[in-house]
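Colleague: Provided herewith is a single structure, encoded as structure tokens, for subsequent inquiry.
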Amino acid sequence: MLLILAVLGVAVFLHPVASGQPADLVLDNANIHTVDPDHPKAMRVAIRNGRIADLDNDASKLIGPSTKVIDLRGQTVVPGFIDAHGHMRGLGESLESLDLRDAASAAAVAAQVKAAASAKRPGEWITGRGWDQTRWEGGEFPPATVLTDAAPRNPVYLTRVDGHAAWVNADAMARADINPATKDPDGGRIIRGPDGKPAGVLIDRAMGLVRSKILSAAPEKVRAQLSRAAIECSRLGLTSVHDAGVDEQDLAAYKQLIGSGKWPVRIYAMIRGEGELWRRYLAQGPQVGPWLTVRSIKLMADGALGSRGAALKEPYSDEPGNRGLLILGREAVERVARQAAAAGMQVNTHAIGDRANREVLDAYAAVLGGVNNRRFRIEHAQIVTPADIPLFARYSILASMQATHATSDMRWAEKRVGERAAGAYAWNRFLEAGVRIANGSDFPVEDPNPLWGFYAAVTRQDHSGWPAQGWQPAQRMSRAAALRSFTIDAAYAAFEEDSKGSIQKGKLADLVVLSQDIMAVPAEQILKTKVTMTLVGGEAVFQGKTARVLYDGAVEIGRSQWNMIPVSAWDRPAMLRGQFNVTRGSSKLRILVMTAEDVIRFRDGKPFRILAAAGPDRGGGFEHRLSRPGDYRVLIDNRTNGTSNVLVDLKVTAEPLEGATFEPFELSRATRWTVLGMSLGFFLITAGWSGLRIHRAWRKRFDALRGWGSGE
């Protein structure tokens, strides 16, 4: 009897949805793509206890008195998108530091750095990310002198768009003691000028020479960065993220945030390289949970193609003599793979160049021996010799690829590798060989928007539709394959295909509601599709028509400093609301809302309306109507009467104002008075001149009449 009860208990645990009980939520009148080959389409889904209770007519039977029913009016529902390779903390950092992705030249970057330096004290670090010299005239790496001239009193560290190179100034190099005698570290390269002196660009492991001098973020800062990243992911329809490279601090922050009960994204964490954290998990084995799973390690075999650090079998076509950087070779990868296999852990190795991919394939093969279920992965797999692709299938190795890398790199990839581009970003070659592709973005290298990735996968075009047929069009994915790569196949890459990745009875209710059917609309319309709702475990973590959380975390402001929190670029009217509480410090603060352009005026000392003031151990709120389009910031100023560093808990939300339109352009009060004064002055001058002319005319007529009357 006890055995029967035990078996029944296990069955209930595995199938928490019991028949007959009313659903908590039903999404009705929907266009549902389930990614279930046995039931590919549906129009109704019922959710109970955070899981899919049933579909279509069977779902209708679960509507009870307390069931919430939402009529989606034909909107499209897909499984929650899964980004199989992203960097959560990197995304949070990028939302706070200089965004250099749109910089069209080194001079444009310097202008941003100079503006940032004016708001910093001497010696404070200036960081940013996103520069890409391949978009600039000449395409060469920029020199340190450009940044040194822009910020002579501050160290500057700017990460390239791919995360595999850093551009630094003289102050930063001095702090790291980088000089002509400094040797290239293993797996790294210091770009040098004709005179042999360091030129200011550091490749791969050479980046650590300077990065190690930047102070680590405080725990509250890490939590704030992860929170910002999670909010952004929810807005874009990402319900799960494979975080490619976490450390002890990241895991501690995740556990705290998840424990708060407000965390909105499921995390599959990869431990960043060998070290104490990896050894601990080798001893204890995988940690599997509904919100946080740790069962893999992230290794780095080479660098990136854009910075010519990807390890190639033959030299770069545009730099003879350079075959890139092999950071980890076969022996090192094989050693870690054997450790992982023995402990039930997964190995996910970054490999971009064809040489690095072959080294990793051989290392995995030595451990795996043939078909298996260990699900070792190669992250990126960008340049692979076509003859090596079948090895992925032979040893059950997964290809974790990022569709937007192809559309970002296609402008110059063939210049880098020549004919080897035939094996570049070759998605259909992998699929035809029977290899699963787990798709992602590698954010913040690329934008985290999965709809952009879906578009890139099915078109191989940029957002302007170039090239007309797509780059290497034979490698375009079908829409069905692209959707699988962002859902069920990404779930498979994390051993989670039984609980997520498709809309099936018993699975987690991680769903995304879209404004258009991405499986049917013209390709260019995919980019115009909006996420209207994101559900994780049946709970709405984002709704497009309700208040959207833009920031929820701690903000630290130094004495006599100010901290600027980017919130969003807005193209429609909304009400911005904030709640704050000073948890440490005793300074008086000023809180303002302004656009990016306003920041320059603020820095020049021009007045702004203060929305709120906060003193020690005080909280409060503010609201501000976003009445004109712009890239808005919430600015907390500790420069007036600032006596100490302060820590502020801040939550900012924005609620779109339905039916409202942007107010017509208005001049400032000072400008209005100036214009009024000038207009009045012009009126008086004109009136005076006209009066004088009238006076002269009447005087002449009067004189004429007087002369006629006297007989002259």
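The values are calculated or read from the model by the stated rules, or taken from the named source; none is laboratory data. These figures come from a predicted structure and were not determined experimentally. Note: ideal-geometry Cβ built from the backbone for every residue, glycine included; neighbour counts use all protein chains shown. Please note that ligands, DNA and RNA were not included when accessible areas were found on the heavy atoms of the full protein model with its side chains. Shrake-Rupley method; radii C 1.70, N 1.55, O 1.52, S 1.80 Å.
Colleague: Just to check I understand the Karplus step: with θ = phi - 60° and J = 6.51 cos²θ - 1.76 cosθ + 1.60, what whole-Hz values come out for the range 153-162, glycine and proline as x?
Modeller: Result, ordered by residue: 10, 10, x, 10, 9, 10, 7, 5, 4, 8 Hz.
Colleague: What does the accessible area per residue of the range 299-438 come to in Å², with a 1.4 Å probe and no ligands, DNA or RNA counted? Intermediate values should be presented prior to the final figure.
Modeller: Values: 4510 Å² over 140 residues.
Computed with neighbouring chains in place, this is 32 Å² per residue.
Colleague: How big is the Rg/Rh ratio for the range 166-299, C-alpha atoms only, Rh by Kirkwood, two decimals? Walk me through the numbers on the way to the answer.
Modeller: On the way: Rg = 18.6 Å, Rh = 17.2 Å.
Value, to two decimals: 1.08.
Colleague: Then there's this: Please report the carbon-and-sulfur percent of the accessible area for the range 24-103; probe 1.4 Å, protein heavy atoms only, DNA, RNA and ligands left out.
Modeller: Working: 1510 of 3350 Å².
Its accessible area is 45 percent carbon and sulfur atoms.
Colleague: A further question on this structure: Kindly write out, for the range 232-240 in residue order, the coupling ³J(HN,Hα) from the Karplus curve 6.51 cos²θ - 1.76 cosθ + 1.60 (θ = phi - 60°), rounded to whole Hz, with x marking Gly and Pro.
Modeller: Per-residue couplings from phi come out as 5, 4, 4, 4, 8, x, 8, 9, 9 Hz.
Colleague: Give me log10 I(q)/I(0) at q = 0.09 Å⁻¹ for the range 76-215, Debye formula, one equal scatterer per alpha-carbon, no solvent.
Modeller: Log-scaled intensity ratios, in q order: -0.28.
Colleague: Got the relative contact order for the range 237-308 handy, in percent, Cα pairs under 8 Å and 6 or more residues apart? Mind showing how you got there, number by number?
Modeller: Values: 91 pairs, mean separation 24.1, N = 72.
Here the relative contact order equals 34 percent.
Colleague: List every residue whose amide H lies under 5 Å from the amide H of Thr532, counting only residues 5 or more places away in sequence or on a different chain, with H placed 1.01 Å from N in the peptide plane.
Modeller: Here Val513, Leu514, Ser515 satisfy the definition.
Colleague: Which pairs break 28 Å Cα to Cα here: Lys221/Lys528; Lys114/Lys197; Lys114/Lys213; Lys213/Lys298; Lys41/Lys500? If you can, show how the numbers build up before the last one.
Modeller: Details: Lys221/Lys528 34 Å; Lys114/Lys197 25 Å; Lys114/Lys213 21 Å; Lys213/Lys298 24 Å; Lys41/Lys500 17 Å.
Table pairs above 28 Å Cα-Cα are Lys221/Lys528.
Colleague: So, one more: Relative contact order of the range 124-185, please, whole-number percent, based on alpha carbon pairs below 8 angstrom and at least 6 residues apart. Show your work: numbers first, answer last.
Modeller: Values: 82 pairs, mean separation 21.0, N = 62.
Computed value for the range 124-185: 34 percent relative contact order.
Colleague: Starting with the highest mean, order 288-300, 402-414, 366-378 by the number of other Cβ atoms within 10 Å, averaged over the residues of each peptide.
Modeller: Working: 288-300: 19.7, 402-414: 22.2, 366-378: 17.2.
Final packing ranking: 402-414, 288-300, 366-378.
Colleague: For Ile271, list long-range residues whose amide hydrogen, built 1.01 Å from N in the peptide plane, is under 5 Å from its own amide hydrogen.
Modeller: Val246, Ser296, Ile297, Lys298
Colleague: With θ taken as phi - 60° and the coefficients 6.51, -1.76 and 1.60, list the Karplus ³J(HN,Hα) couplings across the range 169-181 in order, rounded to whole Hz; mark glycine and proline as x.
Modeller: Per residue, the Karplus-derived 3J(HN,Hα) values read 9, 5, 4, 5, 5, 5, 5, 8, 6, 8, 9, x, 7 Hz.
Colleague: Next question, about the same structure. I need the shape label for the range 501-556. Rule: rounded when a/c is under 1.5, else prolate if a/b > b/c, else oblate, with a, b, c from the alpha carbon gyration tensor.
Modeller: Values: a/c = 2.67, a/b = 1.27, b/c = 2.10.
Oblate is the answer for the range 501-556, as a/c is 1.5 or above yet b/c matches or exceeds a/b.
Colleague: Out of residues 5 or more away from Asp302 or on other chains, whose amide H comes under 5 Å of its own, with H placed 1.01 Å from N in the peptide plane?
Modeller: Hits under the 5 Å cutoff: Ile327, Leu328, Ile352.
Colleague: Explain nothing, just the number: relative contact order of the range 170-284, from Cα pairs under 8 Å at least 6 residues apart, as a whole percent.
Modeller: Details: 113 pairs, mean separation 22.3, N = 115.
Answer for the range 170-284 is 19 percent.
Colleague: Of the peptides 73-81, 313-321, 339-347, how do they stack up when ordered by the mean number of other Cβ atoms within 10 Å, highest first?
Modeller: Numbers: 73-81: 21.6, 313-321: 12.8, 339-347: 18.2.
In decreasing order of mean packing, 73-81, 313-321, 339-347 become 73-81, 339-347, 313-321.
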